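Asker: Structure in structure tokens, see below.
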Amino acid sequence: MQKEDLKRATDIALRYLSLKSRTIAEVKKKLLEKEFDELTINCVIDKLVDWHFVDDVQFSKNFIVDSQIGKPKGSYRLRMELMRKGVPKEIISEALEMYLTPESESDLAILAATKKMKSLTNYPKDKQFKRLMSFLIARGFSLDKAKSATAQILDKSAQ
């Protein structure tokens, strides 16, 4: 490992992180694409962790919280997206446990179903049920949460 390689790899990593928050795995992948050796990559990652520029725990928390703002997602989908970004399973489980309680996930399912229901008002009840269920499951909500939210929304719309 040479000093020039270390500096160049650090510069590339910092530039990559300047765009948005990234996971350790994403930064490693970027540096591997640039053909740096493992030792250089590990040194850069250690520096970035020491400087608090990469933190998978904080990334997971922010990802979960931010993803609920516009289009709410269930724990299954969040878990898969975080795994795709290279976050370790233990960190994902802890973050989901802390920031997405079963009650809040149920509330999010109801919120998502309420928004979706606006586009389904002209359909018969059975079609509304199928489409809401498919929509919620695709968003990563469990079957139980999807059924519960769908039932509540359809009950409200029947009144």
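The values are calculated or read from the model by the stated rules, or taken from the named source; none is laboratory data. All of these numbers come straight from a predicted model, not from anything done at the bench. Using ideal geometry, Cβ is built from the backbone for each residue, glycine included, and neighbour counts are taken over all protein chains shown.
Asker: What single numbered condition from (1) over 17 Å from ARG79 (Cβ atoms); (2) among the hydrophobic types (A, V, I, L, M, F, W, C); (3) touching a Lys or Arg at 6+ places or on another chain (Cβ under 8 Å) fails to hold for ILE153?
Answerer: It is condition (3) that ILE153 fails.
Asker: Give the residues of the stretch 142-152 that are crowded, with 23+ Cβ neighbours inside 10 Å and either over 17 Å from GLN128 (Cα atoms) or among the β-branched types (Val, Ile, Thr) (or both), sorted by residue number.
Answerer: Scanning the stretch 142-152 gives a single hit, THR150.
Asker: Can you name the residue in the stretch 128-159 that is at pLDDT 95 or above and of a type in the set (Lys, Arg) and is also nearest to MET83 (Cα to Cα) among such residues?
Answerer: My answer is ARG139.
Asker: Please go through the stretch 74-99 and pick out each residue that is among the basic types (Lys, Arg) and under 12 Å from the mean Cα position of the chain (by Cα).
Answerer: Across the stretch 74-99, the qualifying residues are ARG77, ARG79, ARG84, LYS85.
Asker: Can you say whether ALA151 is of a type outside the set (Lys, Arg), within 21 Å of the chain's Cα centre (by Cα), not in a loop (DSSP other than H, G, I, E, B) and not assigned by TED's automatic domain parsing to the domain that holds ASN62, as far as the supplied structure shows?
Answerer: no
Asker: Taking the stretch 11-25 on its own, how many of its residues are in contact with a helix residue (DSSP H, G or I) (Cβ under 6 Å, 6 or more places away or on another chain) and surrounded by 18 or more Cβ atoms within 10 Å (Cβ to Cβ)?
Answerer: Of the residues in that region, 3 qualify.
Asker: Where the second residue is surrounded by 14 or more Cβ atoms within 10 Å (Cβ to Cβ) and charged (D, E, K, R) and the first is farther than 19 Å from PRO88 by Cβ and lies in the stretch 24-44, which pairs have Cβ atoms under 6 Å and are six or more apart or on separate chains?
Answerer: Here the result reads THR40/ASP5, each pair linking the stretch 24-44 to a residue that is surrounded by 14 or more Cβ atoms within 10 Å (Cβ to Cβ) and charged (D, E, K, R).
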